[in-house]
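J.: Got a structure for you, questions after.
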Amino acid sequence: QVQLVESGGGLVQAGGSLRLSCAASGSTFGGNAMGWYRQAPGKQREMVATVSNGGSTNYADSVRGRFTISRDNAKNTVYLEMNSLKPEDTAVYYCNILIYSGSFGRFFDYWGQGTQVTVSS
């Protein structure tokens, strides 16, 4: 079993910075990718950033250049550094890990509980 615990959310002013952390516990040896997703009120959940085991990253157009995703495999932790925050970044941010099991022949998705990020003008 895998559990994800997010931290670092809160209230910040526009133009400020915030760093989100997501610590994974349990067996994550076969982890394929980790990422951050967000959902704002009245909107669908969207991908913010992902990072593979090999370190390749992918960003949503709306955050590219402002956000940076990274991971520390030794700590089983993924981070999201958010800079130049805008009010439209306000959302609940969710941590995700995607793991492939060769034994079961399928992918498994695990999600954190989410952390609220509020950016005031």
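J.: So how much accessible area does Val92 have, in Å² to the nearest 10, using a 1.4 Å probe?
T.: Solvent-accessible area, nearest 10 Å²: 40 Å².
J.: Then there's this: Kindly report the accessible area of the chain per residue (heavy atoms of protein chains, probe 1.4 Å, no ligands, DNA or RNA), in Å². Don't skip to the answer; put the middle values down first.
T.: On the way: 6550 Å² over 121 residues.
Heavy-atom accessible area per residue stands at 54 Å².
J.: At 1.4 Å probe size, with the rest of the protein present, what percent of the exposed accessible area of the chain is carbon and sulfur atoms? If you can, show how the numbers build up before the last one.
T.: On the way: 3150 of 6550 Å².
That fraction is 48 percent.
J.: Accessible area, 1.4 Å probe, largest first: how do Thr50, Thr68, Thr77 sort?
T.: Ranked list, largest accessible area first: Thr68, Thr50, Thr77.
J.: Largest first, what is the accessible-area ranking of Tyr110, Tyr59 with a 1.4 Å probe? Before the final figure, lay out the partial values.
T.: On the way: Tyr110 60, Tyr59 35 Å².
Sorted descending by solvent-accessible area, the residues read Tyr110, Tyr59.
J.: Still on this structure, I have one more. Report the Cα-based extents of the range 56-121 along its three principal axes, largest first, to the nearest Å.
T.: Principal-axis extents of the Cα atoms in the range 56-121, largest first: 50, 24, 23 Å.
J.: Within the range 10-55, list the chymotrypsin sites (Phe, Trp or Tyr not before Pro) lying in a DSSP loop whose Cβ has at most 13 other Cβ atoms in a 10 Å radius. Walk me through the numbers before you get to the answer.
T.: Working: sites: Phe29, Trp36, Tyr37; in loops: Phe29.
Those satisfying the criteria are Phe29.
J.: Using only the alpha-carbon atoms of the chain as identical scatterers, what base-10 log of I(q)/I(0) does the Debye formula give at q = 0.11, 0.15, 0.20 Å⁻¹?
T.: Each listed q corresponds, in turn, to -0.35, -0.63, -1.07.
The values are calculated or read from the model by the stated rules, or taken from the named source; none is laboratory data. Because the structure is predicted, anything quoted here is derived from the model rather than measured. Every residue, glycine among them, receives a Cβ derived from its backbone with ideal geometry; neighbour counts consider all protein chains shown. Protein only, heavy atoms only, side chains kept; ligands, DNA and RNA dropped before computing areas. Shrake-Rupley method; radii C 1.70, N 1.55, O 1.52, S 1.80 Å.
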